[in-house]
Each structure stands twice: as structure tokens, then as C-alpha cells.
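Data first, discussion second: the structure below is written as C-alpha cells.
The values are calculated or read from the model by the stated rules, or taken from the named source; none is laboratory data. Being a predicted model, the structure only gives us computed values, none of them experimental. Note that each Cβ is placed from the backbone with ideal geometry, even for glycine, and that neighbours are counted across all protein chains shown. Ligands, DNA and RNA are excluded from the accessible area calculation, which covers all protein heavy atoms including side chains. Shrake-Rupley method; radii C 1.70, N 1.55, O 1.52, S 1.80 Å.
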Amino acid sequence: MQFERIDSREEIAPGVTGITGESFFIASRVLDPRFMAAQLAQAPRGLVFFAPSRHELFIAPIRGAESVEPISNLARLAGRIDPASRPGSLSGSLYFTDGVQFQLISDAGESGDVAVIADGPFLDAISV
């Protein structure tokens, strides 16, 4: 998994990075300790991620309250992308991790909008 090539890594919106590739294991990078350590080095409060397919991973580092806008951008993106319509679909949900734990932080409404749920460790991370 850690040796699979990432074809593209770019900021797609302020504070949101899109990581894509032909590899079937791009999204599984969130389970790679070395990859996550590198991401968390730039986001000591944790990060929010969204993996709509095995070929895509979108992340937003948390740097306190100013991270609300990038996380909102990520939620809007998640609401626009239908993971089921993509090859290797995974999830339309947003997750938070601080490198120790993972927390589901979104809920999709009937309209398709993705609402961010701020509680628990995620709330602590953005409340500084």
C-alpha cells in the first residue's frame, strides 16, 4: 500500500487536498501509519477525510476553528459526489482522525446534503 503511486496531489479548494491515482489502494492510505504520520505532522490537531472511491482521497487538516471552512468545503464536495457512480466506490461519509482514533463526523440527509456532526474528539479538535 505505501509503495503504490499517487498520480496527483493538489489543493482543490482552500485547505482541501485531493489525492488521486490509478492504484486501487489510494483511499487505503488512511490505514498506512507512515502516510498518516506525514499528514498529521502538518495537522497536529487531526484531519478530516473523505474517500469516495478506492482511487480518491480528500483531506482537510485541522488547525482549530479556522478549519471550519475547509471542512465545510469537503462536506459540499461529498454531497456532490455520488460514490456509487464511481468505480471502486467506498463511502460518501466524512471521517476525523487524530492518528489514534477514527470518528464518523457526517450524516447525509434525504436531499443529498452532507451535514457535519461536531461532537466528541472532533469537536475538541476544532474548538481551539
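Within the range 41-55, restricting attention to residues that are touching a Phe, Trp or Tyr at 6+ places or on another chain (Cβ under 6 Å) and hydrophobic (A, V, I, L, M, F, W, C), the residue that is surrounded by the most Cβ atoms within 10 Å (Cβ to Cβ) is VAL48.
For ARG34, are the conditions met, namely being of a type in the set (Lys, Arg), assigned to a helix (DSSP H, G or I), buried (at least 18 other Cβ atoms within 10 Å of the Cβ) and modelled with pLDDT under 90? When the stated conditions are applied, ARG34 does not pass them.
Within the range 99-128, the set of residues being at pLDDT 80 or above, part of a loop (DSSP other than H, G, I, E, B) and either under 27 Å from PHE24 (Cβ atoms) or open to solvent by 80 Å² or more (accessible area, probe 1.4 Å) (or both) comprises GLY99, VAL100, GLN101, ILE105.
Every test in (1) under 16 Å from the mean Cα position of the chain (by Cα); (2) at pLDDT 90 or above is passed by SER91 save one, and that test is (2).
So that you can scan it fast, the table gives a plain yes or no per residue for (1) in a strand (DSSP E or B); (2) among the acidic types (Asp, Glu); (3) surrounded by fewer than 11 Cβ atoms within 10 Å (Cβ to Cβ):
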site	(1), (2), (3)
ARG9	yes, no, no
THR17	yes, no, no
PHE25	no, no, no
GLN39	no, no, no
GLU66	no, yes, no
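Within the range 68-98, the residues that satisfy the criterion of being hydroxyl-bearing (Ser, Thr, Tyr), open to solvent by 20 Å² or more (accessible area, probe 1.4 Å) and over 17 Å from PHE25 (Cα atoms) are SER72, SER85, SER93, TYR95.
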